[in-house]
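The values are calculated or read from the model by the stated rules, or taken from the named source; none is laboratory data. Keep in mind it's a predicted model, so treat the numbers as computed, not measured. A quick note on method: Cβ atoms are made from the backbone with ideal geometry, for glycine too, and the neighbour counts reach across all protein chains shown. All accessible areas refer to the heavy atoms of the entire protein, side chains included, with ligands and DNA or RNA removed. Shrake-Rupley method; radii C 1.70, N 1.55, O 1.52, S 1.80 Å.
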Amino acid sequence: MIEIDLKKYRCALFDLDGVVFDTEPQYTVFWKKECQHYHPEETGMEQRIKGMSLTEIFSTFFADVQDEWQAITERLNSWEASITYEYIAGFERFMGVLKSMQIKTAVVTSSNKKKMESVYRQLPDFKKLFDAILTAEDFDKSKPDPDCYLKGMARFGCQPEETLVFEDSVNGLKSGKASGGTLIGLATTNPEEIVREYTNIVIRNYE
């Protein structure tokens, strides 16, 4: 078991789905349905898109059906307004520990502001858990590029060696590793053996 000395760190950056919320299985259902509808010849596309912004998902996997983007977006917005946002076990308590140690915290997510409005409606106190919330609109490049985590560090004036990064998807793990921060992988979306390809610090929840 690898122990982390939290006193070494000044900030902690969290992806959202699969890291803060146990929502990835719900997104897998949605995107599998969309992918099968437009690209029935493809398999596993719903896994490869994890960690990507909606803009990148469209440009990478749905470039041939641009006239359908609006319809897909409307279905996604409706889906996100109806799904349940439940915290990964132990998350809220862990955030209390970080706050007591004066470690700055931020959500660093490929989700857009429209999706976050659904989160805020369901969980009015969500924003109070964090010092900052960065969404897709704040980044120039999507994961697996480290841009989002570097911007998260810059928000708090932290260096990589002072930063904890929590991720679950392959694209997110690549992004977190490339940022230079201490990467903690959650085995929520992928099996532990896949997560360990990117970091030897793997957890199933925050308990």
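Some observations on this one:
- Top-ranked residue in segment 55-99 [being of a type in the set (A, V, I, L, M) and more than 22 Å from residue 24 (Cβ to Cβ); ranked as surrounded by the fewest Cβ atoms within 10 Å (Cβ to Cβ)]: 63
- Filtered by the rule that a residue be among the basic types (Lys, Arg) and out of contact with any Asp or Glu (no Cβ under 6 Å at 6 or more places or on another chain), segment 81-112 gives 93, 99.
- The single condition among (1) more than 22 Å from residue 24 (Cα to Cα); (2) within 16 Å of the chain's Cα centre (by Cα) that residue 133 does not satisfy is (1).
Here's the yes/no breakdown for (1) of a type in the set (A, V, I, L, M); (2) touching a helix residue (DSSP H, G or I) at 6+ places or on another chain (Cβ under 8 Å):
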{"site": "11", "(1), (2)": "no, yes"}
{"site": "18", "(1), (2)": "no, yes"}
{"site": "52", "(1), (2)": "yes, yes"}
{"site": "56", "(1), (2)": "no, no"}
{"site": "69", "(1), (2)": "no, yes"}
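- Segment 1-23, residues that are touching a strand residue (DSSP E or B) at 6+ places or on another chain (Cβ under 9 Å), open to solvent by less than 20 Å² (accessible area, probe 1.4 Å), closer than 20 Å to residue 84 by Cβ and of a type outside the set (S, T, N, Q): 14, 15, 16, 18, 19, 20, 21
- Boolean, residue 103 is over 16 Å from the mean Cα position of the chain (by Cα), crowded, with 16+ Cβ neighbours inside 10 Å and at pLDDT below 95: no
- Boolean, residue 169 is modelled with pLDDT of 95 or more, closer than 20 Å to residue 60 by Cβ and touching a Lys or Arg at 6+ places or on another chain (Cβ under 6 Å): no
- Counted residues, segment 150-195 - those being more than 18 Å from residue 2 (Cα to Cα), assigned to a helix (DSSP H, G or I) and among the β-branched types (Val, Ile, Thr): 1
Residues are listed down the side, and each one gets a yes or a no for (1) open to solvent by 10 Å² or more (accessible area, probe 1.4 Å); (2) at pLDDT below 95:
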{"site": "115", "(1), (2)": "no, yes"}
{"site": "122", "(1), (2)": "yes, yes"}
{"site": "129", "(1), (2)": "yes, no"}
{"site": "155", "(1), (2)": "yes, no"}
{"site": "161", "(1), (2)": "yes, no"}
{"site": "177", "(1), (2)": "yes, no"}
{"site": "207", "(1), (2)": "yes, yes"}
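- Qualifying residue in segment 86-98 (condition: β-branched (Val, Ile, Thr), closer than 15 Å to residue 33 by Cβ and in a helix (DSSP H, G or I)): no
- Enumeration of residues in segment 133-153 that are open to solvent by 10 Å² or more (accessible area, probe 1.4 Å) and touching a strand residue (DSSP E or B) at 6+ places or on another chain (Cβ under 6 Å): 133
- Residue 30 vs. criteria within 19 Å of residue 133 (Cα to Cα) and modelled with pLDDT of 85 or more: no
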